[in-house]
Amino acid sequence: MSTKYVYFFGDGQADGDATMKSLLGGKGANLAEMVKIGLPVPAGFTLTTEVCTYYYANNRTFPPELKQQVLDALKKVEKSMGAEFGSATNPLLFSCRSGARESMPGMMDTVLNIGLNDTTVVALAKQTGNERSAWDSYRRFVQMYGDVVLELKPKDKTEGDPFEVALEHKREKAGVKEDSQLSVAQLKELVAEFKQLIKTRAGKDFPTDPMEQVWGAIGAVFGSWMNDRAMVYRRTYGIPHEWGTAANVQAMVFGNLGDDCATGVGLTRDCALGTPGFCGDYLINAQGEDVVAGIRTPKRIEETLSKDMPESYNQLNDIGKKLEKHYKEVQDIEFTIQRGKVYMLQTRNAKRTGFAAVRIAVDLVNEGLITEREALQKRRIPADDLSQLLQPIFDPAAKAAATKEGRFLAKGINAGPGAASGVICLFADEAEKFHEKNPTIDIVLVRKETSPEDLRGMKAAKGILTATGGASSHAALVSRQMGKACIVGCSAIDVDYSTNTVKVAGKTLKAGDFISMDGFTGEVFEGKVQTKASEVIQVLVQKTLKAEESETFRRYSQLMGWVDKYRKLRVRTNADTPGQADEAVAFGAEGIGLCRTEHMFFDHLDEIRHMIVCETKETREKALAKLLPFQRADFAGLFRSMNGRPVTIRLLDPPLHEFLSDRHLEEQPDLGQKLASWTGSTIEAVKRRVGELHEANPMLGHRGCRLGIVYPEITAMQARAIFEAAVLVKKEGISVVPEVMVPLAGFLTEYKNQEKIIRDTADAVFKESGVKLEYLVGTMIEVPRAAVRADQIASAAEFFSFGTNDLTQTTLAISRDDYGPFIGFYRENDIIPNDPFQTIDQEGVGELMKMGVDRGRSSRPDLKIGICGEHGGDPASVMFCHDIGLNYVSCSPRRVPIARLAAAQEALAAGK
Ligand code: PEP
Ligand code: MG
């Protein structure tokens, strides 16, 4: 039996239904479904996505059996519509539209009014009693056919669209502003001019044979699957190129026969904010593309349609309700009103903002349309979109205006969600001073890259923009943790510290000029773009708004209640200060999964530098003794904030020269002298020591547990600070559960070396204080060897936490700090599907993680395993962590709700 390539719909029956999206595309499947539930849909047929696959696999040709199947379906449509394709007395016209499995709005092509020629146009005029609209349709058809099928485009950048140019001339000559004011005679002239244009430009006649027209349109629609726009869109939204599109050939109905006709696009509820009520755009006496093309300003359905066309409005309102009930989801519809009768041309689940997604999902449950479980479905609320409820965002209209005004500057890696508008500041210390003086003026810190030195400036800034670095670079992870908007790897910006300027997009911006950055998308704009504050933050963190005063918060809170009911994964946070910990707890964090102790030294940089330049164990111990009280106080603060929740504290990790290098000595002229006097040596000795610390490849250098192994006194000081703080806080009546974590171990011996120091120190502190408490010692799994030998390591380690930033870096041999310059090219050219530092490379790094879990639990079945790399807040990665059986994920405070939602979504999807 030959393959069925063509599916008919019409007359209350359809070959397909809504479940067949992969074969019929979203549009085709829903047209069939609407017919089946009794809605008014003009008859038509769908050519399946398999035709598209065949088309590309066979040098852009169609399967041999397709022709007959199309002819058969066409006859059925003729019968259903009571008209004949190409008839000189009673002509039927078609539209041909694309429709992929997932909607790709506006990315592919459409041809309307197929079947018109010099004969059928006359018949159409007679039949509809409207000569003007018949010729207007013909004019549109020749234009669309020329543009879409025959690909008549401007010859160069300076030339306008040839058809639009001709149309404009005609309007000018006629002395009218709008196409709708052109007379029949002028439309006839235009048709002739358009045909001539086709002949001279394409070298062939406009086809008058309706069958040739329909095949031309079908070919163009399938051809548009591979146009540049469509490919870029698919890359952005992760739609596979292999899917292919379907093509829908459907009988035309007319919205342009007079004032009792209209065409429009509607939503069954508002999708920007989620407010209930049928809304959208419509135009009286027009055809579909007029609404979307923006040639005429449409009217608002919710404002005037009930007055303009009360009966049609009621019909549409009823259809909207029926569709929402049937699909259990907000619908985005296209319709035409022909002589007062409503026809449905499309329905699909509506795209919405994160705000709207939450409101709609919660409202649908409260209205009894869906269950809590359904509300949590990934397609209803992509977990990432939840961040829109937490971060200030750009007012969408203000952003669109900025783009229109030519203020778009560049795009980088969107590393920290949120919107920020502020004055440019290139130096961290200046940012700090400026902020102290003018706390009401927001700052955007623009740097080539950032280092621990810049932290104060980062704190003072609303947003951080760097020319280099990736999603897990220092700038990105610190700013995420602080909840700042952040864009990194924005290679188009040229930061010139000597002139205090930033060159980008042919412009030179000075420090103090305004700049705006959208951390959700990575876009940077010149000047100010208006932002909006988040109510959820006001209620939970700032406590400036009462829960009952915020509808947004109430819905958020209801949703998160369901989330916690269904998720299995625990969610912790990466936090280094009590402030961050408090914020994370407000967002639902159940513990700290990573406290990076080196970040705690940001406020005591000179003290740690003192320790670094020491050349002997004795002097180093003295320097460490100065750090101990700071560390102890910091840990005690964290334990208090977490109030009995587990706190994982990682021992010192970074290459020491991040804290002290030639650059630091140069930038702070008195630093060398200060360190020399503290250590009782000379500036020369300090410089020599700094020289020794320099590493060509610091990420693979003397960092992680290698530091604590070579300088055991550092580990001993940190362990002492942890246990003394724990004892102190326990004495205050607060329960404490410390988990001490060893970084970057690859060998069991490395781990054991550090474990011994930690346990010996714990025993000493317990003995001294007379207080004992439970604690765990475990390790990060962040080098491939640790995953491979997880069985050995787990024989000693009580818990694992995947450090996927380093595990990705070491598995892929891609430096996490400077992959910016090529990652964009890789993504553009489909070399890799995602940024591996944002979303776990499941097939590579993920396999190592699975191995780590399996082998680790083979020697310690109840091994607690988490993840604390930046991936712990990425929804796809969180879902993967659920699937491979981790106990928890840990992420920056503001990603905690996102991770909670993603965990619930995967638990529900996996049915466990
Ligand atoms: C990691 O490598 O994933 C990790 C959490 O450690 P850091 O980012 O501090 O190297
Ligand atoms: Mg690491």
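The values are calculated or read from the model by the stated rules, or taken from the named source; none is laboratory data. Every value quoted in this text rests on a predicted model; they were computed, and no experiment measured them. Don't worry about glycine lacking a Cβ; one is built from the backbone with ideal geometry, like all the others, and counts go over all protein chains shown. Just the protein is used for accessible areas: all its heavy atoms, side chains included, with ligands, DNA and RNA removed. Shrake-Rupley method; radii C 1.70, N 1.55, O 1.52, S 1.80 Å.
Of note:
- Dipole check for the chain: with +1 at the C-beta of Lys and Arg, -1 at the C-beta of Asp and Glu, and the Cα centre as origin, the magnitude is about 1080 Debye.
- Total lysine pairs whose alpha carbons fall under 20 Å of each other in segment 200-357 (8 or more apart, or interchain): 10
- Largest to smallest accessible area among 532, 543, 767 [probe 1.4 Å]: 767, 543, 532
- Nearest-10 value in Å² for the accessible area of residue 780, using the 1.4 Å probe: 0
- Solvent-accessible surface of the chain, averaged per residue with a 1.4 angstrom probe and all protein chains in place: 40 square angstrom.
- Sorted largest first, the principal axis extents computed over the alpha-carbon atoms of segment 558-627 equal 57, 20, 14 Å.
- Whole-percent carbon and sulfur share, accessible surface of the chain, 1.4 Å: 51
- Between the amide H of residue 839 and any residue lying 5 or more places away or on another chain, no distance stays under 5 Å, with hydrogens modeled in the peptide plane.
- For segment 570-611, average projected area of the Cα convex hull in nm²: 2.9
- Neighbours of residue 127, meaning other residues whose beta-carbon lies under 13 angstrom from its beta-carbon, give a summed charge of 0 when Lys and Arg score +1 and Asp and Glu score -1.
- Kirkwood hydrodynamic radius of segment 223-275, from the reciprocal of the average inverse Cα-Cα distance over all distinct pairs: 15.1 Å.
- Histogram of C-alpha separations across segment 1-151, 5 Å bin width, %: 2, 9, 15, 19, 21, 17, 11, 5, 1, 0
- Segment 109-167 versus segment 383-454: alpha-carbon centroid distance in Å: 47
- Among the GluC sites (Glu not before Pro) within segment 561-634, those in coil by DSSP and having at most 15 neighbouring Cβ atoms inside 10 Å are 615.
- DSSP beta bridge pairing in the chain, given as percent antiparallel to the nearest 5: 65
- In the chain, a dipole from Cβ-located charges (positive for Lys and Arg, negative for Asp and Glu) runs towards its positive end, and of 881, 263, 746 it is 881 whose Cα lies farthest in that direction.
- A simple charge model with +1 on the Cβ of Lys and Arg, -1 on the Cβ of Asp and Glu and nothing else charged puts the dipole of segment 512-658 at about 800 debye relative to its Cα centre.
- Note that segment 742-756 has calculated 3J(HN,Hα) couplings of 8, x, 6, 6, x, 10, 4, 4, 4, 4, 5, 4, 6, 4, 4 Hz, one per residue in order, obtained from phi through the Karplus relation 6.51 cos²θ - 1.76 cosθ + 1.60 (θ = phi - 60°); glycine and proline are x.
- Reported to the nearest whole Å, the Cα centre-to-centre distance from segment 503-566 to segment 759-829 is 32.
- Accessible heavy-atom area order of 645, 60, 857, highest first, probe of 1.4 Å: 60, 645, 857
- All aspartates and glutamates inside 18 Å of residue 687 as judged from Cα atoms, apart from same-chain residues fewer than 8 positions distant: 606, 607, 615, 658, 662, 666, 667, 670, 695
- Proximal lysines to residue 173, defined as alpha-carbon separation beneath 22 angstrom and excluding residues fewer than eight positions away on the same chain: 188, 195
- Within the same chain, aspartates and glutamates fewer than 8 places from residue 170 are excluded, and of the rest, those with a Cα less than 18 Å from its Cα are 136, 159, 161, 178, 179, 189, 193.
- Computed Rg/Rh of the chain, alpha carbon atoms with Kirkwood Rh: 1.05
- Integer Hz, Karplus 6.51/-1.76/1.60 couplings in order for segment 731-741, x for Gly and Pro: 5, 7, x, 9, 7, 10, 10, x, 10, 8, 10
- Rolling a 1.4 Å probe over the protein chains gives residue 828 an accessible area of about 100 Å².
- When the Cα convex hull of segment 617-713 is projected onto planes of every orientation, the mean area is 7.7 nm².
- Residue 572 sits with roughly 10 Å² accessible to a 1.4 Å probe, with DNA, RNA and ligands left out of the calculation.
- Cα pair count fraction exceeding 16 Å, expressed as % - segment 107-151: 36
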